[in-house]
Amino acid sequence: MSLLHEEIYIFDISQNNCKLIFIKLKNLNTSILKASLNLFLLFGIINQLQAQNQVIPLWNKIPGELKVADYKEKEEIKDGKVQSTSLVTTPTLSVFLPKEIKPNQTAVVIFPGGGYTHLAIDKEGTKVAEWFNSIGIAAFVLKYRLPNDKIMIDKTIAPLQDAQESIRIVRQNAAKWNIDPNKIGVMGFSAGGHLASTLSTHYDDKVYETASKASARPDFSLLIYPVVSMQNEITHKGSQSSLLGNSPSQELIDSFSNEKKVTVQMPPTFLIHATDDEVVIPENSINYYLALKKNKVTAELHLYEKGGHGFGLGVNDTSKFWTKQCEEWLKNNGFKN
């Protein structure tokens, strides 16, 4: 911006447009001028943010919903950013598009973890979406409903309903977002990894009525220290009780133990786990990988010596390299140029 006597030059920058606006002003009070310019710049910044990131509701009518007046979503905010959210009643999809728009981009829908009781929406959602954008991949963070008998008819299928619909929405809007409809993957962390592996094995289950012809099958699956099994010997007990209840039947346990549901139609899968993870033990990933291998599904498993649980994009141990290995896997399997 340049201020010379009575003339002002302002560069107006928007997502796909850059133009010079010339304003001729006479006898304008300086304080008014400054306030006007600040407001102009503020709206420009907001415009840019809105062009890059949108939050869209997942449903017009939420399937299996029970209305409870005093059940309100809770957010944990730090430094102006939502770190975690719980008691989700209205699922949403946050859109993160790369700055450089290219045709036929790859896209990933991200399911944050949190034991099916909360969502680590920043560490395992927003930050991951921003990383994907930095390597030229479109990303979508799903704020999915957390199982609760108070607000849903069948809490065991509510997260899967949201997961299926999120893939269908991205696939239906692929042209709008410059996405290849055959390169839409899913990524899940911890309990979000259980949801991602549930979607990868139950994508064809009819868990809600839909007129959409779009498939809910992800084209690839990225599972980060995931809960996969509901079997008592290796499951994460908190995730099991949140999703299935305190005394689930063996039939229900088997139904949501995704290592038992692998078929040859499964999407290619990339898994990582830390050997020293004592929260979600690595047998979840190991058994799933062996089931994929048995069914000749393309799969790659990385077991790190250190990292524990919940390391997000990596910590200063052996797990810190997983994002590079994930990027290489995406390239090798034709999901990234």
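The values are calculated or read from the model by the stated rules, or taken from the named source; none is laboratory data. Only a predicted model underlies this, so the values are computations on that prediction, with no experimental measurement involved. We place every Cβ from the backbone using ideal geometry, glycine too, and count neighbours over all the protein chains shown.
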message: Whether any residue in the range 21-40 is in a strand (DSSP E or B), surrounded by 10 or more Cβ atoms within 10 Å (Cβ to Cβ) and at pLDDT below 50 is what I want to check.
response: yes
statement: Scanning the range 304-322 residue by residue, those at negative phi and either surrounded by fewer than 17 Cβ atoms within 10 Å (Cβ to Cβ) or part of a loop (DSSP other than H, G, I, E, B) (or both) turn out to be Glu305, Lys306, His309, Phe311, Leu313, Val315, Asn316, Asp317, Lys320, Phe321
field: Which listed residue is surrounded by fewer than 23 Cβ atoms within 10 Å (Cβ to Cβ) and either under 26 Å from Val207 (Cβ atoms) or under 11 Å from the mean Cα position of the chain (by Cα) (or both), from Asn178, Asn148, Asn133
entry: Asn148
field: Enumeration of residues in the range 268-298 that are in a loop (DSSP other than H, G, I, E, B) and either in contact with a helix residue (DSSP H, G or I) (Cβ under 8 Å, 6 or more places away or on another chain) or not acidic (Asp, Glu) (or both)
entry: Pro268, Thr275, Val279, Val280, Ile281, Pro282, Asn295, Lys296, Val297, Thr298
field: Where Glu209 falls short, out of the listed (1) crowded, with 24+ Cβ neighbours inside 10 Å; (2) more than 13 Å from the chain's Cα centre (by Cα); (3) acidic (Asp, Glu)
entry: (1)
query: Which is assigned by TED's automatic domain parsing to the domain that holds Gln105 and assigned to a loop (DSSP other than H, G, I, E, B), of Ala216, Ala163?
result: Ala216
query: For the range 173-191, does any single residue satisfy the condition of being touching a Phe, Trp or Tyr at 6+ places or on another chain (Cβ under 7 Å), more than 22 Å from Ser84 (Cβ to Cβ) and in contact (Cβ under 8 Å) with a residue 60 or more places away in the chain?
result: yes
statement: Flagged pairs (Cβ under 7 angstrom, 6 or more apart or on separate chains; first in the range 310-337, over 15 Å from Ser134 (Cα atoms); second hydroxyl-bearing (Ser, Thr, Tyr) and part of a helix (DSSP H, G or I)) are Phe311/Ser319; Gly314/Thr323
